Amino acid sequence: MEDKKIFMKEALSLAADNVRRSEGGPFGAVVVKNGKIIGKGGNKVTVMNDPTAHAEIVAIRNAAKNMGTFDLSGCEIFSSCEPCPMCLGAIYWARIESLFYAATKDDASKADFDDSFIYKEFALPKEQRSIASMQLMREDAVKVFEEWAASESKIPY
């Protein structure tokens, strides 16, 4: 577990650097494969004006670019904080095998980073959520899926 602490220290260092440089929220993450860091990220939401630029997303993008693949199977991610729902989804989509985190979502909430409302929203029926959700043109969308399914040039993911 000592080697795991080295990677977590790097994630925490990225988080602290972010605070000191005013480059985003107090979050950092690293992606590791075979004992080597292949991707790093600090929260860049405010400096990039990108609400998806959370540390885990930045680290996953960096790792995927460095590895030349969207499939990060065999990788681990170390995050300074328990990931939000968006980041957790990205971790699953990237096929990362292990997640290690330091602070909890409750710790983040105490620092005014509260994503509990998102978890509550997910549990509600669509018609009761705070963001209106209406389906349009399903038949046209299904045709695009059928075209994808029949395509011989598709790259499954």
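The values are calculated or read from the model by the stated rules, or taken from the named source; none is laboratory data. Just so you know, these numbers come straight off a predicted model, no measurement behind them. Positions of Cβ are generated from backbone atoms using ideal geometry, with glycine treated the same way; all protein chains shown enter the neighbour counts. Quick note on the areas: whole protein, heavy atoms, side chains included, nothing else; ligands and nucleic acids left out. Shrake-Rupley method; radii C 1.70, N 1.55, O 1.52, S 1.80 Å.
Has the stretch 119-129 got at least one residue that is of a type outside the set (S, T, N, Q) and either on the phi > 0 side of the Ramachandran plot or touching a residue at least 40 places away in the same chain (Cβ under 8 Å) (or both)? Break it down into steps so the answer makes sense when it comes.
Here is the first cut: in the stretch 119-129, the residues of a type outside the set (S, T, N, Q) are 119-127, 129.
Cutting the leftovers down to either on the phi > 0 side of the Ramachandran plot or touching a residue at least 40 places away in the same chain (Cβ under 8 Å) (or both) gives us none.
No, because not a single residue in the stretch 119-129 is of a type outside the set (S, T, N, Q) and either on the phi > 0 side of the Ramachandran plot or touching a residue at least 40 places away in the same chain (Cβ under 8 Å) (or both).
In the stretch 113-129, which residues are hydrophobic (A, V, I, L, M, F, W, C) and either open to solvent by 90 Å² or more (accessible area, probe 1.4 Å) or in contact with a His (Cβ under 9 Å, 6 or more places away or on another chain) (or both)?
Within the stretch 113-129, Phe117, Phe122 meet the criteria.
Pick from the stretch 100-112 the residues that are out of contact with any Cys (no Cβ under 8 Å at 6 or more places or on another chain) and open to solvent by less than 60 Å² (accessible area, probe 1.4 Å): which of them is nearest to Gly28 (Cα to Cα)?
Phe100
Within the group Ala103, Ala149, which residue is of a type in the set (Gly, Ala, Ser) and under 22 Å from Lys40 (Cβ atoms)?
Testing whether each residue is of a type in the set (Gly, Ala, Ser) and under 22 Å from Lys40 (Cβ atoms) leaves just Ala103.
Quick one: in the stretch 130-157, which of the residues that are part of a helix (DSSP H, G or I) and over 29 Å from Asp71 (Cα atoms) is least open to solvent (accessible area, probe 1.4 Å)?
Of all residues in the stretch 130-157, those part of a helix (DSSP H, G or I) come to 138-150.
With over 29 Å from Asp71 (Cα atoms) added as a condition, the list becomes 138-140.
On the way: Arg138: 134, Glu139: 124, Asp140: 72 Å².
The selected residue is Asp140.
What is the number of the single condition among (1) under 21 Å from Ala15 (Cα atoms); (2) modelled with pLDDT of 95 or more that Asp114 does not meet?
Of everything listed in (1) under 21 Å from Ala15 (Cα atoms); (2) modelled with pLDDT of 95 or more, Asp114 misses just condition (2).
Yes or no, residue by residue, for (1) over 19 Å from Lys4 (Cα atoms); (2) of a type in the set (Ser, Thr, Tyr); (3) touching a Pro at 6+ places or on another chain (Cβ under 9 Å):
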position	(1), (2), (3)
Thr69	yes, yes, no
Glu82	no, no, no
Ala94	yes, no, no
Thr104	no, yes, no
